[in-house]
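The values are calculated or read from the model by the stated rules, or taken from the named source; none is laboratory data. Since we're looking at a predicted model, the values are computed, not measured. Ideal geometry is used to build each Cβ from the backbone, glycine not excepted, and the neighbour counts take in all protein chains shown. Note: areas computed on protein heavy atoms with side chains; ligands, DNA, RNA excluded. Shrake-Rupley method; radii C 1.70, N 1.55, O 1.52, S 1.80 Å.
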Amino acid sequence: MDKIGVLVTHKPLPYLEQELTRRGCRLFRLWESPESRRLEFCRENSSEIRAIVGNSNFGADAATIDALPKLEIVASFSVGLDKVDLPKCKERGIRVTNTPDVLTDDVADLAIGLTISVMRRIPSADKYARSGAWKKGEYTLTTRFSGKRVGILGLGRIGLAIAKRAEAFDCPISYYSRSEKPHPNYTYYSTPVDLASNCDILVVACALTEETRHIVNRAVIDALGPKGVLINIGRGPHVDEPELVAALVEGRLGGAGLDVFENEPHVPEELFALDNVVLVPHVASATIETRTAMADLVLGNLEAHFLKKPLLTAVV
Ligand SMILES: O=CC(=O)O
């Protein structure tokens, strides 16, 4: 990939940056440019940029694509492609790749970890032990996870991996997706409200599209109810965040475990004081093993494209 211009939208994993440089790519570091100058930066370097490496925060929107007439491929360091203008890429004949499969186990692990953390109050129990409060009395009783009804919004690769894990805890599994899937052990509900009415824990695991934006709205939150727990390892905009915050503050929802937020890195401050809420900063795939495998997929896709070989994980 000698001298190929690659626009990197975000500060990448050091390994990815090293490997791109070692392969001779010329890196254009968009994240170092002030936000107000980013389009100008693209235009100034447009004669050289043939590839974009984006991520779940900053992919390739219409304006960026329009500023880059020589763009051939967007290789996203993410499985979700909601920050890539896919119709525009199709129209321009720009190839698009993502990083599926390699992150499935980590994301599913975190979904279960968040669920148990919320139900067993692990972060606040940890604070209790560290602060010495235990010397003054036992910690409060919490809620069992094993055997509880788990409902999953979206039974794709990640949804299925969560189901498999929850089954090991003897949890009955139900799901909502656009159509019923061939999984006879899992109960299908044809609306998110029906699913939420029939589960104790609702996990958001679908892709973010126009149809799934705010799929968790007031009606779904009310159906989940004061004993229900919401887990979001999808995208912030899957959930109507002001409605979620209000339901948690008013005790109309039992708890929440959130990896993603509507306006990252902003986390609603009203949640900070709630023991029934566990907040993590969009880290579901953030292990050394998985992030390295994601980087290898980005590199493999770029190399395949510029060597005119089949892409490893083509989306467009
Ligand atoms: O959010 C992370 C991803 O889409 O990979």
Filter region 171-219 for residues that are open to solvent by less than 50 Å² (accessible area, probe 1.4 Å) and of a type in the set (D, E, K, R) and give the result.
200
Under 6 Å by Cβ, and 6 or more places apart or on different chains, what pairs join a residue from region 274-295 that is at pLDDT below 95 with one that is part of a helix (DSSP H, G or I) and within 14 Å of the ligand (Cβ to nearest atom)?
none
Criterion (of a type in the set (Lys, Arg), out of contact with any Leu (no Cβ under 8 Å at 6 or more places or on another chain) and either open to solvent by less than 60 Å² (accessible area, probe 1.4 Å) or free of Cβ contacts under 8 Å to residues at least 40 places away in the same chain (or both)) met by exactly one of 164, 127
127
Considering every residue within region 145-155, establish whether at least one is in contact (Cβ under 8 Å) with a residue 60 or more places away in the chain and either open to solvent by 20 Å² or more (accessible area, probe 1.4 Å) or within 14 Å of the ligand (Cβ to nearest atom) (or both).
yes
Among (1) touching a Pro at 6+ places or on another chain (Cβ under 8 Å); (2) within 11 Å of the ligand (Cβ to nearest atom); (3) without any contact (Cβ under 8 Å) to a residue 40 or more places away in the chain, which single condition is residue 83 missing?
(1)
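Here's the yes/no breakdown for (1) surrounded by 15 or more Cβ atoms within 10 Å (Cβ to Cβ); (2) aliphatic (A, V, I, L, M):
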| residue | (1), (2) |
| --- | --- |
| 222 | yes, no |
| 234 | yes, no |
| 270 | no, no |
| 284 | yes, yes |
| 301 | yes, no |
| 305 | yes, no |
Of all residues in region 86-129, how many are within 12 Å of the ligand (Cβ to nearest atom) and of a type in the set (A, V, I, L, M, F, W, C)?
4
